[in-house]
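Structure record follows, encoded as structure tokens.
Every number here is computed from the coordinates shown, using simple stated rules; none is lab data. What you see is a predicted model, and the numbers here were worked out from it, not measured in a lab. FYI the Cβ positions are ideal-geometry reconstructions off the backbone, even for glycines, and counts take in every protein chain you see.
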Amino acid sequence: MRLVSVIVLFGALTVACSSHAEAPPPVDADLGSYALDALSRTVAATGPMRCPAVPRGSFTGEGVRWKTPLSVHPAFAERLARFEAVVVEVATQVYGRAPKRMAHLGSYNCRRIRLYPDLLSEHGIANAVDLSAFEFDALPRGADAPDELPKALRRAFRVTVLDHWTPKRDDAVSRLHRRFLVELTDRLVARGDIFRVLLGPAYPGHKDHFHFDCAPYRLVVL
Ligand SMILES: [Zn+2]
């Protein structure tokens, strides 16, 4: 893991790290303002949890469908729609088509942050998603595939954070999946108008998913 930069945002000191072998993009993107910025995240470190009431609705995706619907704040749904546009862009570049669907491990869930029990998890205000996989259908007949696309990836396949962020094999397929995930997260980190917190396998408890949220601070540990 490598220290990339330290950012002060809304008075919170946060650190951005990356395990990329490649040079990571700068993380000083302008993060703008967001609907849930003023909401206090401080909670009692023990005892029963009560989460603030925030509007939330079912979101199934705009650019790419989610396998099961997410329960998210409308402002976060907007961020997800922007995210999906980036997924389509990068996947088309790498695989010649967008994923058919994305799988997640959770969105709304009223709980504390495990490592910081006096703070409300962004999941508790419907402001986060845990993304685990991208599922692709076979390349449509006659579709233009990138030259370097291995034959096996003309068929349907699945890219998961667990298996492909740190590939278990060094072959063309594994390298391409790694490239897809790195290129995608690099573009997200470079954008201040999508997610502010991006956590991946380098962060404790995140071996099998990316956690993305829009907390009032910047934290990038992939
Ligand atoms: Zn999460």
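Assorted remarks:
- The relative contact order of the range 24-153, computed from alpha carbon pairs under 8 Å that lie at least 6 residues apart in sequence, is 26 percent.
- Computed Kirkwood radius, in angstrom, where 1/r is averaged over Cα pairs of the range 36-192: 17.2 Å
- Remark: relative contact order (the chain) = 24 percent; criterion is Cα-Cα distance under 8 angstrom and separation of 6 or more residues.
- In order along the range 208-222, the Karplus-derived 3J(HN,Hα) couplings, from 6.51 cos²θ - 1.76 cosθ + 1.60 at θ = phi - 60°, round to 10, 7, 9, 9, 10, 8, 10, 5, x, 8, 9, 8, 10, 9, 10 Hz, and Gly and Pro are given as x.
- In units of the compact-protein estimate 2.2 N^0.38 Å, the range 153-222 shows a Cα radius of gyration of 1.18.
- Proportion of all alpha-carbon pairs of the range 28-79 beyond 13 Å (%): 70 percent
- The chain - charge dipole about Cα centre, Lys and Arg +1 at Cβ, Asp and Glu -1, debye rounded to 20: 660 debye
- Count Lys and Arg as plus one, Asp and Glu as minus one, and take only other residues whose Cβ is under 11 Å from that of PRO99; the net charge is then +3.
- Karplus 3J(HN,Hα) series, Hz, for the range 154-171 with 6.51 cos²θ - 1.76 cosθ + 1.60 (x for Gly, Pro): 7, 7, 5, 7, 10, 10, 10, 4, 4, 8, 10, 5, 10, x, 7, 10, 10, 10
- Restricting the calculation to alpha carbons of the range 51-92 gives Rg and Dmax of 11.4, 39 angstrom.
- If the chain linking THR92 and SER58 were pulled fully straight, counting 0.36 nm for each residue of separation and taking away their Cα-Cα distance, it would gain 9.6 nm.
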